[in-house]
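The values are calculated or read from the model by the stated rules, or taken from the named source; none is laboratory data. Values in this document were obtained by computation on a predicted structure and should not be read as measured data. Cβ placement follows ideal geometry from the backbone for every residue including glycine, while neighbour counts extend to all protein chains displayed. What goes into the accessible areas is simple: the full protein's heavy atoms, side chains included, and nothing from ligands, DNA or RNA. Shrake-Rupley method; radii C 1.70, N 1.55, O 1.52, S 1.80 Å.
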Amino acid sequence: MAEAESKKVIKLVPEYLLKKRKAYQAIKATQAKLALLEKRKVSKGKPLKFKRLEDFLKDSHKKHRDETRIRRAEHRPAAPLPPAKNKLAFAVRIREVKGVSPKVMKVIQMLRLRKIFSGAFVKINKTSVAMMKMVEPYVAWGFPNLKSVRELIMKRGQTRIGRRRVPLTDNTFIEQHMGKHGIICLEDLIHEIYSVGRGFRAANNFLLPFKLSVARHAARDKAGLLKDLGNPGFRATDINSIIRQLN
């Protein structure tokens, strides 16, 4: 009798219940694996940035300052056009545009100056001069000479084919894409840009905005701005010295 009581009774689990438990455990393991992969995928991206209240205030002040400046400029007489001999301008962005007015940002995008220290050629007319005035606190612009135009295109001239940036090193390639505009070599492209001929718009659109660079040893002020570049705005022929520094 005592031996019977000492023996433990083992409860049998039905087979269908064991299969159900095993399937449930497999589902939970798969879900955990997918959750881990999703977490790793999120962590690979850009981390979440915490924005302080001071940053919001700074952006708001900058936006308000731009809107006030543009509103006052509308009541002033339009700036006179440069002499007829100056048909070409080169614009380079030397200031950050974070938090600026939407109108200023739209003009920056129209000028194709989305990145800092990027530059592009602009045809001088009444509209372009007004656009330059609107983005004056962020962009330096002036009249480049033939030497600057040649150095920019020969050293940093690129175009886009599909999703690839292609350097302009082959005259056959240039003739293939710009032959219908009478441009069959790199010298023709340089001449068309500098003389602002009939095919200027097509030639300028063929060129991607120039990615200029800054020397590592360049002197900076307390705000982190480059001392040698000077202030943004109209620089006339001094834009050539900026091109020399950044090219």
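Taking a ≥ b ≥ c as the square roots of the eigenvalues of the Cα gyration tensor of the range 72-129, is the shape rounded (a/c under 1.5), prolate (a/b larger than b/c) or oblate?
Oblate, because a/c is 1.5 or more while a/b does not exceed b/c.
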Point to revise | the chain: C-alpha gyration tensor shape, a/c 1.5 cut-off, then a/b vs b/c | key: prolate
Review point. Expressed in nm to one decimal, what extension gain is obtained for the pair L36 and K11 from 0.36 nm per residue of sequence separation less their Cα-Cα distance?
Key: 5.3 nm
**Study point:** Distance in nm between pseudo-label sites at R164 and A79 (7 Å out along the Cβ direction from Cα)
**Key:** 4.1
**Study point:** Estimated inter-spin distance, K49 and R201, nm [label 7 Å along Cα→Cβ]
**Key:** 3.6
Exercise for review: Report the extension gain between Q245 and S60 in nm, rounded to one decimal, defined as 0.36 nm multiplied by the number of residues separating them, less their alpha carbon distance.
Suggested key: 63.3 nm
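Extension gain K123-A26, at 0.36 nm per residue separation less the Cα-Cα distance, in nm?
28.2 nm
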Point to revise | Accessible solvent surface per residue of the range 28-124, calculated while the other protein chains remain in place, 1.4 angstrom probe, Å² | key: 78
Point to revise | Rounded if a/c under 1.5, otherwise prolate or oblate - the range 107-152, Cα gyration tensor axes | key: oblate
Study note, to complete from the structure: Rounded to one decimal in nm, the spacing of the 7 Å Cα→Cβ label points at H191 and L146 is 1.1
